[in-house]
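Here, each number is a calculation from the coordinates, and none is a lab measurement. For clarity, every value in this text was computed on a predicted model and none was experimentally measured. Note: ideal-geometry Cβ built from the backbone for every residue, glycine included; neighbour counts use all protein chains shown.
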Amino acid sequence: MMQELLGFYGKRKLEFCPETSALLVIDMQEYFLDKNSHAFLSNSLPIIPKIKKLIKFFRKKKRPVIFTQHVNTLKNAKMLKEWWNDLITAESPLCNLSKKIYLPPGAPVVVKTQYDAFYKTNLKKLLNKYQAKQIVITGVMTNLCCETTARSAFVKGFQVFFVVDGTVTQNEAMHRATLINLAYGFAVPVCVDDLIRYLKN
């Protein structure tokens with residue numbers, strides 16, 4: 001798949017630079033990761049150790065690891081309520097970030113209400129505070145919150161690195177479609193091990 005994606009990415013000269021990067025871990029909540037949840041992503045489990053590995057190396061490099069948590073009310077859900085007829089509310093234990101993912105002490109958690117993690121949040125301010133110019137995107141779901149946030153980051157002037165084996169959605173077709181579109185116009189497709197090679201140096 002990487003060979004195919006690199007064909008869409010072309011010969012653009014964007015190099016990953018750990019010193020100006022931030023890791024964004026999107027919506028790794030029990031809603032998606034708990035086997036008892038109606039929204040459980042059965043293919044989410046393999047990405048958990050990969051994201052944990054990235055968190056470890058970003059922390060070693062003293063670069064920010066930012067988590068997002070999707071929380072809705074009837075008022076702020078807007079079209080999400082109409083589209084899905086289902087909300088992740090603060091009252092539900094499924095709203096919590098999964099204990100399967102290590103949350104470093106003091107790590108910022110951006111609470112969001114829409115697919116876009118920048119929409120009416122302090123994410124951009126946080127990234128500016130850490131002087132981040134590059135964003136590495138991991139988490140769920142590839143074609144919804146991860147993709148929308150990647151596009152929004154691009155529009156805001158950030159270089160986006162989208163982790164192929166660190167994001168997941170309902171099925172391979174949706175995952176692949178998002179990766180192709182992002183590689184063509186918005187983000188550099190990368191694998192966890194490639195990023196770690198940079199982070200080890």
How much length, in nm to one decimal, is gained on full extension between residue 125 and residue 45, taken as 0.36 nm per residue of separation minus their Cα-Cα distance? 25.7 nm
Pulled fully out, how much extra length does the chain show between residue 59 and residue 109, if you take 0.36 nm times their separation in residues and subtract their Cα-Cα distance? 16.5 nm
Cβ crowding within 10 Å averaged over residues, with 26-34, 47-55, 89-97 ranked highest first: 26-34, 47-55, 89-97
In degrees, nearest ten, helix 172-185 long axis to first principal axis of the chain (Cα): 50 degrees
Give me the one-decimal nm value for the distance between modelled label points at residue 198 and residue 52, 7 Å along each residue's Cα-to-Cβ direction. 2.4 nm
Shape call, the range 1-68: gyration tensor on alpha carbons, a/c limit 1.5: oblate
Can you tally the net charge around residue 3? Count Lys and Arg as +1, Asp and Glu as -1, for every other residue whose Cβ sits under 15 Å from the Cβ of residue 3. -1
Longest principal axis of the chain (C-alpha) makes with the long axis of helix 47-60 (C-alpha) an angle, in degrees to the nearest 10, of 60 degrees
With a/c under 1.5 counting as rounded, go ahead and sort the range 7-156 into rounded, prolate or oblate using the C-alpha gyration tensor (a ≥ b ≥ c being the square roots of the eigenvalues; past the cut-off, prolate if a/b is larger than b/c, else oblate). prolate
Take every Cα pair under 8 Å in the chain that's 6+ residues apart, average their separations, divide by the length, and report that relative contact order as a whole percent. 28 percent
Kindly state, to the nearest 0.05, the FRET efficiency for residue 2 paired with residue 75, given R0 = 30 Å and r defined as their beta-carbon distance. 0.10
Gyration tensor verdict on the range 53-93 (Cα atoms; rounded if a/c is under 1.5, prolate if a/b is larger than b/c, oblate otherwise): prolate
DSSP bridge orientation in the chain - percent antiparallel, rounded to nearest 5: 5 percent
Chymotrypsin sites (Phe, Trp or Tyr not before Pro) lying in DSSP loop within the range 35-95, provided at most 11 other Cβ fall within 10 Å: none
Here is the link list: 62/129; 62/125; 52/129. Which ones come out longer than 20 Å on Cα distance? 52/129
Long-range amide H partners of residue 165, meaning residues 5 or more apart or on another chain whose placed amide H is closer than 5 Å, are 192
Highest mean packing first, using Cβ neighbours within 10 angstrom, the peptides 162-170, 187-195, 106-114 sort as 162-170, 187-195, 106-114
Suppose every K and R has +1 on its Cβ and every D and E has -1 on its Cβ; what is the size of the dipole of the chain about the Cα centre, in Debye to the nearest 20? 940 debye
What order do you get for 196, 66 when you list them from fewest to most C-beta neighbours inside 10 Å? 196, 66
